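Shown next, in structure tokens, is the structure this report addresses.
The values are calculated or read from the model by the stated rules, or taken from the named source; none is laboratory data. Quick caveat: nothing in here was measured; it's all calculated off a predicted structure. Cβ sites come from the backbone with ideal geometry, for glycine too, and all protein chains shown count toward neighbours.
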Amino acid sequence: MLFAGSINTFALDEYSSEDYQDYVRGCNNPKYPMLKNDVNTDTINAGIIDIQSNGDISLSEDVFIALDKGRVKANSATYLQNQNTIKNINNGSIYYANNYFNFLNGSLNKKSEIVELINGSTYLRERNLLINYGSLSGNLGKTLEFKNASLSSCRNNDDGWNIEAEIINIDQIKKRGHIKNFRLEIFNKTIIKFPHIPFPATTKRLSGFLEPELNFTSDGLDLFLPYFYVISKKSDITVAPRIINDRGTGLETNLRYLSNVNHDSPNFFDVLFLPKDKKLKKNFIKNNYDRWAFRLKEDRSFSIFKTSINWGKSSDPLVFLDLPSSITNIANQRDHYLPQTVSIRMILKNFSMNILREGYQSLNPFMNSSFIKKPEVSLNYINYGSIFSYFLKADYVNFDTDKNKDLFFYTNKNIKLGKRLTSKIGAEIQYSLKNMDISIKATMLHKKYNLSQTDQREKLTSIPSFKIKISSLFGKISGESASFITPEIEYARTNYKDQSKDPIFDLHQRSFSNLNLNNGYFYGKDRIPDTEFFIGKLKWLKKIDKSKRLNIQLIKKNELKPSKVLNAMLVNPIDGDNQAGFNLAFETPNIDAYLEANYSQKRNTLNFGKTGLQITIPKTKLSISRNFLRNIPVLDSNNKINFAELSLERTMTRGFKLISGISKDLNSKKNLETYFGFGYENCCLAFKLYASDKRFSKYNLLNFQTTQFYNNDWERMISVENKSRINFDFELKGLTGGNKRLNRFFSNNFLNL
């Protein structure tokens, strides 16, 4: 059990906010409201006041004595003026700094604030803790010692937790507490007895141990023991020893700090280290079985300059598959690469310059190397006008390679390197003609390569393109309802230039959807396909009322000729295609539905389809989705992605909650992931049991040069990545820090559980 303040809220987050405090400490106790302290500190009132000869004042019946930070109420008391002490306080109540102290009898020195109380209860507002005690001694606002005490944040201990202790010490200056010789009861059942335990006496950040994270996984017991250290108001660090039964013992750290540009997203430096992985040694033959990874992410701003660092590296591609973590933020189990990028950018009114070093470490063990941009220098000038706009862009890149020496398999040594210079000049005219908006855009792209290890002479390639778009908007508004229709037609043409002898450095295919039919086939500039096509779109948006909407879009694209550039890259050329697309979205308070599809008329094939339905009724949410994608036959890739997902959330009576879900690969008929969670939460107690099983789909990720050797290794990789995990979390509100995993569970956010 760990009892420092939670790391789940960062240095400058509002710990004083009511929402956060209510979550950490539990529900507010209406018996102890906050009071205004607006009376003079010398005020003394009572039904009967008797001033004795020695100056002492005897008070009885509705006694009221003001304090600097509160007041004293009692049936009777004696005020010693010479000692500034209130003694013989019977059936008293002290309100001090928003905390309550009720007791049978006691005494208080107004100046030193030394207090001695017998048989009472204390309510500490910041953590919503109620302490019953036999005796209390100490200084208000400084240190308090409770003897023969019980502690809880629950209004009813039958529905939560309670601690019976011999001694409870609270240091209100250091904001820490200690409990000695105690037993913990949950639902009136004794769970544990222990001689000593610390806990935080504040909702603010404190250095100290945090709650442990306990998981039962396919690698056996997986235990984190994190320690949290507050460095400053803008920085903190978490250090977590980790024990994995089948792999060994390691260490993880998470350093967070704020800079002048990212108060909403802190910078971080995370490190993961597991020496001598026993399971890796069993599965693979390597010279080094140490597993490690790190990542630094930092953004800063200096006047007109902005700098960014996003740099990660790992010992091998499988480290994140084998060692998923909730402490570090380096990568998750299904990331494909680690970024290794540093940039500096200058931004003026119309001009910007960016100098970049960009690279990536592949987390796919079959990809042995990747290109590095070192450096890339980009210059951009844009001048916007109400009718006429133009831009000039220049980009210089020196491509190198970063060979990963820790890969398990194939290494390709025949890679061309070199430099690429591109420039792009463009202009756009936009104007309105009655109910139509017309846009005419023309660009000219120039590119030149200077390759190493080749006798190929530099050649300048110039590729012009042209696009015209005509659109309109018709609408009708009536009360809360509204209807809008947007027709649009577009013609685009890019001229053909032979680029077959140009290298391919940073080319990759765009994801395919109805919304980017006119954005081209590729990212990057190594292949600019020659295209000529018409696109027609018709969009209808209907707002029925504040909570109901309907959105329908029809799309038709006709390619006027086949692309010579694309066909030069394919073994089997393809003709120009005609495609039809459809989008539908419907939203109501209880039903959300969407449908998206794209159909190739010439190939008589569904390129992709997505559909989903979410039904929300009281205490229940059901979600169903289906996704299908067949790649356009570029680079001879015939992969299909075809999977379905089903999830259920059910809130039951008395604070119980159930979640479950499944994601299934319909091609291989294999479950990608299944999960089940059961939790309970009330004002003072929360716990969760969560089980998941993740699998990897058997897609052919080697789009070319596939051999049986690779396929066998891929089968072995699949078996390595199959991960099962059972996680248990609990929280005693008011005693332990807020648990982010529990918070996500009860807030219907399960993506990263």
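Arg205 meets the conditions (1) surrounded by fewer than 20 Cβ atoms within 10 Å (Cβ to Cβ); (2) under 28 Å from Leu689 (Cα atoms) in every case but one. The failed one is (1). Report the residue count in the stretch 91-109 for those that are surrounded by 17 or more Cβ atoms within 10 Å (Cβ to Cβ) and touching a residue at least 60 places away in the same chain (Cβ under 8 Å). Qualifying residue count for the region: 2. Among the residues of the stretch 367-383, is any hydrophobic (A, V, I, L, M, F, W, C), under 30 Å from Phe224 (Cα atoms) and part of a strand (DSSP E or B)? The answer is no; no qualifying residue exists. When Phe302 is tested against (1) within 20 Å of the chain's Cα centre (by Cα); (2) at pLDDT 80 or above; (3) under 22 Å from Ser235 (Cα atoms), exactly one condition is not met: (1). Can Leu672 be described as modelled with pLDDT under 85, closer than 30 Å to Pro573 by Cα, out of contact with any His (no Cβ under 8 Å at 6 or more places or on another chain) and surrounded by 14 or more Cβ atoms within 10 Å (Cβ to Cβ)? It is false that Leu672 is modelled with pLDDT under 85, closer than 30 Å to Pro573 by Cα, out of contact with any His (no Cβ under 8 Å at 6 or more places or on another chain) and surrounded by 14 or more Cβ atoms within 10 Å (Cβ to Cβ).
Among the residues here, Leu338 does not qualify as in contact (Cβ under 8 Å) with a residue 40 or more places away in the chain and farther than 26 Å from Arg300 by Cα. Select, from Ser481, Ser472, the only residue that is among the hydroxyl-bearing types (Ser, Thr, Tyr), under 27 Å from Asp577 (Cα atoms) and either at pLDDT 90 or above or within 37 Å of the chain's Cα centre (by Cα) (or both). Just one listed residue meets the conditions, Ser472.
Residue-wise test of (1) in a loop (DSSP other than H, G, I, E, B); (2) modelled with pLDDT of 95 or more; (3) under 46 Å from the mean Cα position of the chain (by Cα); (4) not basic (Lys, Arg).
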position: Phe101; (1), (2), (3), (4): no, yes, yes, yes
position: Lys111; (1), (2), (3), (4): yes, no, no, no
position: Leu117; (1), (2), (3), (4): no, yes, no, yes
position: Gly120; (1), (2), (3), (4): no, yes, yes, yes
position: Leu136; (1), (2), (3), (4): no, yes, yes, yes
position: Leu144; (1), (2), (3), (4): no, yes, yes, yes
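Checked against the criteria, Leu338 does not count as in contact with a strand residue (DSSP E or B) (Cβ under 8 Å, 6 or more places away or on another chain), more than 25 Å from Thr422 (Cβ to Cβ) and outside any strand (DSSP E or B).
Candidates are the residues of the stretch 208-227 that are more than 18 Å from Arg256 (Cβ to Cβ) and among the small types (Gly, Ala, Ser); the one that is surrounded by the most Cβ atoms within 10 Å (Cβ to Cβ) is Ser218. Could you tell me whether the stretch 123-131 includes any residue that is of a type in the set (Phe, Trp, Tyr), in a strand (DSSP E or B) and either within 37 Å of the chain's Cα centre (by Cα) or surrounded by fewer than 16 Cβ atoms within 10 Å (Cβ to Cβ) (or both)? Yes, because at least one residue in the stretch 123-131 is of a type in the set (Phe, Trp, Tyr), in a strand (DSSP E or B) and either within 37 Å of the chain's Cα centre (by Cα) or surrounded by fewer than 16 Cβ atoms within 10 Å (Cβ to Cβ) (or both).
Scanning the stretch 175-194 for residues that are of a type in the set (A, V, I, L, M, F, W, C) and either closer than 21 Å to Arg125 by Cα or assigned to a strand (DSSP E or B) (or both) yields Ile179, Phe182, Leu184, Ile186, Ile191, Ile192, Phe194.
One residue stands out among those in the stretch 556-602 that are more than 41 Å from the chain's Cα centre (by Cα) and of a type in the set (Lys, Arg): the one that is farthest from Lys546 (Cα to Cα), which is Lys564.
For the stretch 423-445, a residue qualifies if it is at pLDDT below 95, out of contact with any Ser or Thr (no Cβ under 7 Å at 6 or more places or on another chain) and not in a loop (DSSP other than H, G, I, E, B), and the qualifying residues are Tyr431, Ser432, Leu433. Applying the set (1) farther than 30 Å from Ile544 by Cβ; (2) under 42 Å from the mean Cα position of the chain (by Cα); (3) loosely packed, with under 14 Cβ neighbours inside 10 Å to Phe466 leaves exactly one unmet item: (3). With respect to the conditions (1) exposed (fewer than 15 other Cβ atoms within 10 Å of the Cβ); (2) touching a strand residue (DSSP E or B) at 6+ places or on another chain (Cβ under 6 Å); (3) in contact (Cβ under 8 Å) with a residue 24 or more places away in the chain; (4) of a type in the set (Ser, Thr, Tyr), Thr238 falls short on a single one, namely (1).
For the stretch 558-569, state whether one or more residues are more than 30 Å from Pro487 (Cα to Cα) and charged (D, E, K, R). Looking for residues that are more than 30 Å from Pro487 (Cα to Cα) and charged (D, E, K, R), one finds at least one in the stretch 558-569, hence yes. Any chance you could count how many residues in the stretch 532-551 are among the hydroxyl-bearing types (Ser, Thr, Tyr) and under 30 Å from Ser465 (Cα atoms)? Within the stretch 532-551, residues that are among the hydroxyl-bearing types (Ser, Thr, Tyr) and under 30 Å from Ser465 (Cα atoms) number 0. For the stretch 553-572, the set of residues classified as assigned to a loop (DSSP other than H, G, I, E, B), surrounded by fewer than 18 Cβ atoms within 10 Å (Cβ to Cβ) and modelled with pLDDT of 85 or more consists of Leu560, Lys561, Pro562, listed by residue number.
Of the listed requirements (1) in contact (Cβ under 8 Å) with a residue 24 or more places away in the chain; (2) of a type in the set (Ser, Thr, Tyr); (3) exposed (fewer than 15 other Cβ atoms within 10 Å of the Cβ), Thr461 misses just one: (3).
Do you know which of the residues in the stretch 271-321 that are of a type in the set (Lys, Arg) and closer than 20 Å to Asp335 by Cβ is surrounded by the fewest Cβ atoms within 10 Å (Cβ to Cβ)?
At the first step, the residues of the stretch 271-321 found to be of a type in the set (Lys, Arg) are 276, 278-279, 281-282, 286, 291, 295, 297, 300, 306, 313.
Retained after the next criterion (residues that are closer than 20 Å to Asp335 by Cβ): 291, 295, 297, 313.
Working: Arg291: 24, Arg295: 21, Lys297: 20, Lys313: 14.
Among those residues, the one meeting the criterion is Lys313.
Kindly check whether there is at least one residue in the stretch 348-363 that is at pLDDT below 85, surrounded by 17 or more Cβ atoms within 10 Å (Cβ to Cβ), on the phi < 0 side of the Ramachandran plot and not aromatic (Phe, Trp, Tyr). Yes.
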